[in-house]
Every structure is written in C-alpha cells, then in structure tokens.
1. Please identify the pairs in which a residue from the range A:114-136 that is at the interface with another protein chain (Cβ under 9 Å from one of its Cβ atoms) and touching a residue at least 60 places away in the same chain (Cβ under 8 Å) has its Cβ atom under 6 Å from the Cβ atom of a residue that is part of a helix (DSSP H, G or I) and not hydrophobic (A, V, I, L, M, F, W, C), counting only partners at least 6 apart or on another chain.
2. For the range A:1-31, give me each residue that is among the small types (Gly, Ala, Ser), modelled with pLDDT under 80 and surrounded by fewer than 16 Cβ atoms within 10 Å (Cβ to Cβ).
3. Would you call A:Ala98 within 26 Å of A:Phe190 (Cα to Cα) and either surrounded by fewer than 17 Cβ atoms within 10 Å (Cβ to Cβ) or modelled with pLDDT of 90 or more (or both)?
4. Working only within the range A:138-164, note down all residues that are at the interface with chain B (Cβ under 8 Å from one of its Cβ atoms), of a type in the set (A, V, I, L, M) and either farther than 28 Å from B:Ile280 by Cβ or without any contact (Cβ under 8 Å) to a residue 40 or more places away in the chain (or both).
5. Return yes or no: is B:Leu132 facing chain A (nearest Cβ under 7 Å), closer than 30 Å to A:Trp251 by Cα and surrounded by 22 or more Cβ atoms within 10 Å (Cβ to Cβ)?
6. Looking only at residues in the range A:181-214 that are hydroxyl-bearing (Ser, Thr, Tyr) and surrounded by 24 or more Cβ atoms within 10 Å (Cβ to Cβ), which one is nearest to B:Cys35 (Cα to Cα)?
7. Inspect the range A:222-230 for any residue being more than 8 Å from every other protein chain (Cβ to nearest Cβ), small (Gly, Ala, Ser) and within 29 Å of A:Gly126 (Cβ to Cβ) and give the result as yes or no.
8. Please enumerate the residues belonging to the range B:126-171 that are more than 29 Å from A:Asn220 (Cβ to Cβ) and hydroxyl-bearing (Ser, Thr, Tyr).
Amino acid sequence: MKWIGPVFMGLAALGLSLPIVVVSAAALNGGRTMFFPPRDPSFGRFVEFFVSESVWTNALWHSVIVAFGSAALAVLLAWPIAYWLWASGSKLSKTVAALGSMPFALPPIVFGVGLGFFWAFLGGLGSLAAGIISHAALFLALPLVTISIGLQSIDRAHLDAAATMGATERVTFRTIILPQTLPYTASGFFFALVLSFNEFIVMFFVSASNYSTVTLQIFNSLRNGYTPTMAVAAITFITVSLLVFSAVARWGDLPRLMGADQSRR
Amino acid sequence: MTAALDIDAPAPLPEPAPKKPVWPWLLTGVIVFLCVVPFILVLAISFGHKIQGAGWEWAFTLENYKRFFVGALYPEEITYLYLQQLYWSLRYAIIASVLAVISALPFTYLMTRLSRAAQARWLVFLLASLSLSEVFIVMGWDILLSNNSGLPKLFKVTGLTDWLKAVGWFDTLREWGLASPRNVKFKTSELATVLCMSYLVWPYAVILLYPALSRLDPSLSEAARTMGAGPWTVARTVVLPSVRMPLIGSTLLLFVFLLGAYVSVTVFAEPAKHTTAIAIYEAVRGANLNAPFGAAQAVILLLTAALFLFFGQKLTSAAGAKA
C-alpha cells in the first residue's frame, strides 16, 4: 500500500503539467500552424516573439511595465497598512485591510467592470498608468498578507531590547523591523508581479483596446486560431513564474508564507 | 508592549508626523477610492437608464433588474434567458470547485507529510501553475481536446473509438453529447468546461488546504493506527473531521472565483449554455453596449456570491459549535 501515495502524487503532477507540456511542445513548430507533436521543429518562433514581430514585442513590453509598476505600487500601499495593522490593531486598520483585500477576493470580472467605469469618469481609460494602478489595487492583498506575516515573525524581545537601549522609533524601524521583513516584502512584490503578468480580465476592461499586454494579445488571437508564437509566450510566462517562485523558495520561507505549521520541520 | 509599538509612530511615512497623525485617514481614503469606489460605481450604474442607439444616463430605474429576472418585454412576454445564464454560472462553479477540492485533499495531505524541502519544491511547481494565465491554460486544453489533434485523434488512432463502438458505449457518449457520429468529441461540452475550470483552481485548492493539513498533528493519526484503525478509518474519523471547516471554506472561495470565469466558458461551452460572466462582458464591451444592464448583472453575480458566502459562514459556525 506504500506505493499508492507517490503514484497518486505523480499522476497529479502529470495531469497538472499536461496542458503546459502540450503548449510548450507546439512552440517548436516550423510552420504557422499548431501541430502536436510539432512538425519541422525550429526556434524561429522564439525570434518572432522576442525580436522581430512588433505586435508581440510591444505587448511584452506593456506586460513588463504593468507588472513591475503595479507590484511596486502594491507594496508601497501595503506597507503602511500592514504596519498600521500590526502596530495598532485598531478597528479602522482592520477595516482598511479588509477593504484593500476585497478586489482580490471577489470575482475579477466585477472589479474589472467597475474599474472600466472608474477610469472612464476620471479620464484615464486606456492609459498605461490606469492599468498599473488598477492592478496594484487588485493585487494589494498579496503583499499585505506576506508583509503582515513578516511583521508577526519579528521577535518582540528584539524590540524591547532596542527600546531599553534608547533607540527611537525610527531607529528601531530601520535597524530591526525593515531588515527582518525584507524577505516577506520581496515575496509579496514577486507574487503581485507574477499574477499581474498573467492577469487578463481586469486588464481587458481597463485597457479599452488602446494597448495590449501579452495575455490580451493572446485572447484577441484566440478567434483566428492558435499560432506557435503564442505557445512561445506561454513558455516564457511559465519560465518566469518558475524562476520567481524558486527565488522566493530559495531566499524566503515558502512553506511558512503558505501557512505551514512552524513546529514541524 | 513597549513604546516602540505605540500607534503614534508613523514610521513608514517619510515626514515626521504631527501630534494628531493624519496619515491613517489619508490611507483609508486612498484604499476606499481605489478598492471600493469601483464597486460602488457598478452598483450606481446598475440603476441607470439605457438610451436607445446611444450611451446611458444616470437614473433610478429598476428596469435592468426586471430585465434580468423576467425579460425586457414583461408583462407581454416572459423570458428567463438571464436567469438560465446564472444557473449555468452556478452549476459550472459548484461542480468544478467541489471536484477540485475533493481531488486536492488527498494530494495536499500527502504533500504535508513530505520533508520541508520537498514541500517547498512542490509549492514552487503549484504556484507556477496557479499563476499561469487562464488564456494559456485554455489554449493547452483546447489543443488537447480539439477534434483534429489531441485526445479525439488519439482515440481514433489507437482504435479506442472502434472498441467503444463495439462495446456499445459509444451510443451512451453520443447521448451525453460527447461524440459525433464518427468519433468522440469534447468540444464543445459541459465536461470540457467543468474540467478546465476545475484544473484552473486545482492549485488554489491545494494552497488553501495546505495550512490546515500541515497543522494536523501526526501523533493523532499514529495513535489511531496503533489502536488498530486502518488507513481509511483514520482518514474518515481523524483527518476529515478536523479539516471539515477549511474544506467548506476553500470550496466557497473557489466557487466565488469561478463565478467570474470567462475564457474557459467562451471556448468550451456551447452558446446556449453560456454564463452570466459572458453576458456581463457582452453588455459592457461586446456587441450589445448596454452598460447599465451589464452592471446590474454584475451586481446580481456579486449578491449571489455574497449569499453563498453568508450561508457557508452559517454552516461552518454551526459545524464549529457542534464540534
């Protein structure tokens, strides 16, 4: 009976990677049609995606700007909220944290529709800035959670020691709180980054067809059928995710971030 | 508690704070503006009035809601088209979320019994697949399930189709809408829709169940085992009762998320079985251009989600009181 567990997990891994593998293999097609298994394998599609086809290079550029911009903005917004929540625990701070997490918890299509109206009134509909701010609001919950976990992990004895030795709040913040929560801040940033990179429906309403990110471009091309260049995009995205989460696991404590029990190692 | 933890220490802000800090209110304002106002706009516009052949205007009319429940031409004519779409939204979301949680439970349990390093490796893999955009996942399944490549072709080439025909199961598949006269077909079908949606949230299910299962005390199961309970008895009497609430909670969260699923339904469901999410899209950005009606549908979708969350909360607290 010992073999049932590993076999089940292996099957799950296989099922999980099946569509990804199929898409990746299709990227090697030499022609313009998607075949699986690939015919006339070549790396020509990679050149198209990264270098020669302006539709894709522009889309990739937009995706990158929105992802980095919104992740940075989300962290900047999440920090004061998480700190406020941790330091005071007041009712207002709890309410603000809950409100800030709301867009992430509700069906994204509703938030997307709302943001479409929102930017139409403010006059920013279809601008990259609107896209960045929208994604920052949508993914605010992620750095908020990771930074809160980081703040909770600070040993209060350190803070007591600093206070007894006469450190001011600012010094304590700079020398104890900031360095100890840095890995959690970085994790929150990268979670927001990767999810923004892959997000589709909110961007669809906010961009108003003025520009497209890679996911939007792919969705637009769905009707005309798949091309192997789209599969290259898929490979790029899954690679970025794997790299980012490996980095988080390497330099941060991924099981802890995901809520694992601390007593067992 | 020390002085360092007092509230009047607005350390993350660049400027030194005045006596009565204003930044909490500033922060509250920003969050309300960015995260709440869009939802309020949806609610407000859902009462708006559509002008024929033009945009819409602010108003307070219930015509959009009336249209959702009984159709625009009521009382001369009644149509339940939009209610039907809501039904399909609920149906897909419920089946897919339950399926995902049930299959993720044993997996997560096994994962939490691994070493910390192995857990981290699995988590990287799961998070990468979780964050992969819906468009890529749909693309992958589309290639796998489409008639000219993928599974149907595999069925044909390996002779599985002929075997199914010989055994007589092929007719059953045709009745279920999973076969054309020549071969099996998965596009478009309910099975493909639910499968893809379930796949979409499966890594989420693992991540949501992970904390509860990883806190499960292994000595409890061991004690049960030493007293002679088989693995199934242990699972039924020790593991399941202690994760009942996270199970319900995760299912609800995934359900709410799936209510808004868009790409998988457009690609895998036949038009007659499309969902409210698609109708919202059509009304706001698509051919119909009726923003107030789209907003009203979005409000109804939100209310449905809220209703389920509310009853889920009731259910879990009742279960918690009993336990």
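1. If the second residue must be part of a helix (DSSP H, G or I) and not hydrophobic (A, V, I, L, M, F, W, C), the pairs left are A:Leu115/A:Ser134; A:Leu115/B:Pro38; A:Ala136/A:Ser70.
2. Those that are among the small types (Gly, Ala, Ser), modelled with pLDDT under 80 and surrounded by fewer than 16 Cβ atoms within 10 Å (Cβ to Cβ): A:Gly30, A:Gly31.
3. So A:Ala98 fits the description; yes.
4. Taking the range A:138-164 as the starting set, the residues that turn out to be at the interface with chain B (Cβ under 8 Å from one of its Cβ atoms) are A:140, A:156, A:159-160, A:162-163.
Okay, now just the ones that are also of a type in the set (A, V, I, L, M), so A:140, A:159, A:162-163.
A:Leu159, A:Ala162, A:Ala163, listed by residue number.
5. yes
6. Our first condition is that a residue be hydroxyl-bearing (Ser, Thr, Tyr); within the range A:181-214, this holds for A:181, A:184-185, A:187, A:196, A:207, A:209, A:211-213.
Of the ones still in play, those that are also surrounded by 24 or more Cβ atoms within 10 Å (Cβ to Cβ) are A:181, A:184, A:187, A:196, A:213.
Numbers: A:Thr181: 25, A:Tyr184: 23, A:Ser187: 22, A:Ser196: 16, A:Thr213: 23 Å.
That would be A:Ser196.
7. Looking through the range A:222-230, at least one residue is more than 8 Å from every other protein chain (Cβ to nearest Cβ), small (Gly, Ala, Ser) and within 29 Å of A:Gly126 (Cβ to Cβ).
8. B:Thr158, B:Thr161
The values are calculated or read from the model by the stated rules, or taken from the named source; none is laboratory data. Quick caveat, the model's predicted, so the values are computed rather than measured. Cβ coordinates were reconstructed from backbone atoms using ideal geometry, including for glycine residues, and neighbour counts include every protein chain displayed.
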